[in-house]
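See below for the structure under consideration.
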Amino acid sequence: MKIAESKLSFFFANHKVIQKVAPKILVLIHGNGAVRARQWSRKIILNSSLEKGSQLPFIKMANDQGYGAIVTNGNQELQRMSPEDHASAVWEKLITGSCCDHVIIIAHSYGGQVTMNLARCFPGDFLHRVKAVYLADSVRYGMTGIPLLDQRLCSISLNYVTSDRDCDTPIEFEDGIKSISSGTTSHEWTSWYSLPSIFGNIRTLDKDLSRETSTASKFDHGEFRDSEFCAAIAAVELNFDKNLHFRKVQKPKERSGRMNLDIKLLLLIVC
């Protein structure tokens, strides 16, 4: 079923990611429902704290480790664009054609299904560019159905599920993706509780990959400690009265019969 062009959908990204020169990229994909870009759980933001319910700590830690960040916004305009099509449009704009060959995905809840759809749409990227997929109590309706791709996904993915066991404790799983305890029995809290483990795994992965290539060491990781990036996201989250510039990007090319999708790219420049 064709999807009408979206005039409201937007996403966040570091400038280096927008310019397609970031050597490493972290993609954050929230779940379905009321949550928007920058949020894992509105309930936690309202009842506990912005830090624990938002994606800001993930973005800051990613920037500190030399990653540019992409923050998707798949629930912004559901009447015209599904979360899957939103993520595909963002991927095509920022990762397809970029110099980055080191992508990590963190996805909560329905974000797992969005990730599986991305793998179907961009199998070459998931076979070669995507180095790890970290899911927080993921909702998925099976794998991609492509044997080689599913094998790759199972080898690079971890699903942090609800459990009363300590974080990182192995949990029985059935669908091929390894499951471990997030350290909480609450679905909404799985992202926050798994944060230290996820970034510990990312640091280990970076060390392992650095032995294979010295490319990452040629870049100044300080470039990704983008104060404007985090300030803009925090300003929107806290409803500060900031002037944010929007820029329309060109429509992506058609892929597999999918209609061209019109998205807005939020330039993270605080006036």
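The values are calculated or read from the model by the stated rules, or taken from the named source; none is laboratory data. Here the structure is a predicted model, which is why all the values come from computation and not from measurement. Virtual Cβ from ideal backbone geometry, glycine too; neighbours counted across all protein chains shown. Keep in mind that these areas ignore ligands, DNA and RNA; they rest on the heavy atoms of the full protein, side chains included. Shrake-Rupley method; radii C 1.70, N 1.55, O 1.52, S 1.80 Å.
Return yes when residue 119 is closer than 23 Å to residue 188 by Cα, out of contact with any Pro (no Cβ under 6 Å at 6 or more places or on another chain) and in a helix (DSSP H, G or I) and no when it is not. Answer is no for this residue. List, please: which pairs have Cβ atoms under 7 Å, are six or more places apart or on different chains, and start with a residue in region 19-31 that is closer than 12 Å to residue 74 by Cβ and end with one that is not aliphatic (A, V, I, L, M) and not in a loop (DSSP other than H, G, I, E, B)? Within 7 Å, the pairs are 28/58; 29/111; 29/115; 30/39; 30/108; 30/111; 31/108; 31/111. Residue selection: residue 10 fails the criterion of being among the aromatic types (Phe, Trp, Tyr) and under 12 Å from the mean Cα position of the chain (by Cα). Among the conditions (1) of a type outside the set (Gly, Ala, Ser); (2) within 16 Å of the chain's Cα centre (by Cα); (3) open to solvent by 10 Å² or more (accessible area, probe 1.4 Å), residue 42 misses just one, which is (2).
Only one of the listed residues (194, 157) is within 26 Å of residue 127 (Cβ to Cβ), surrounded by 21 or more Cβ atoms within 10 Å (Cβ to Cβ) and in contact with a Cys (Cβ under 7 Å, 6 or more places away or on another chain). That residue is 194. Residues of region 130-152 that are in contact with a Gly (Cβ under 8 Å, 6 or more places away or on another chain), within 25 Å of residue 39 (Cα to Cα) and either open to solvent by 30 Å² or more (accessible area, probe 1.4 Å) or part of a helix (DSSP H, G or I) (or both): 139, 140. When region 89-102 is filtered for residues that are buried (at least 24 other Cβ atoms within 10 Å of the Cβ) and either within 12 Å of the chain's Cα centre (by Cα) or assigned to a strand (DSSP E or B) (or both), only 90 remains. Can you tell me which residue in region 43-82 is farthest from residue 18 (Cα to Cα), limited to those that are among the small types (Gly, Ala, Ser) and in a loop (DSSP other than H, G, I, E, B)? Selected residue: 48. Of all the residues in region 181-225, those that are assigned to a loop (DSSP other than H, G, I, E, B), at pLDDT 95 or above, under 19 Å from the mean Cα position of the chain (by Cα) and not polar (S, T, N, Q) number 0. From the list 33, 112, the lone residue that is open to solvent by 10 Å² or more (accessible area, probe 1.4 Å), closer than 24 Å to residue 193 by Cα and either within 12 Å of the chain's Cα centre (by Cα) or not basic (Lys, Arg) (or both) is 33. When the residues of region 167-177 are filtered to those that are under 22 Å from the mean Cα position of the chain (by Cα) and either hydrophobic (A, V, I, L, M, F, W, C) or at pLDDT below 95 (or both), the one that is most open to solvent (accessible area, probe 1.4 Å) is 175.
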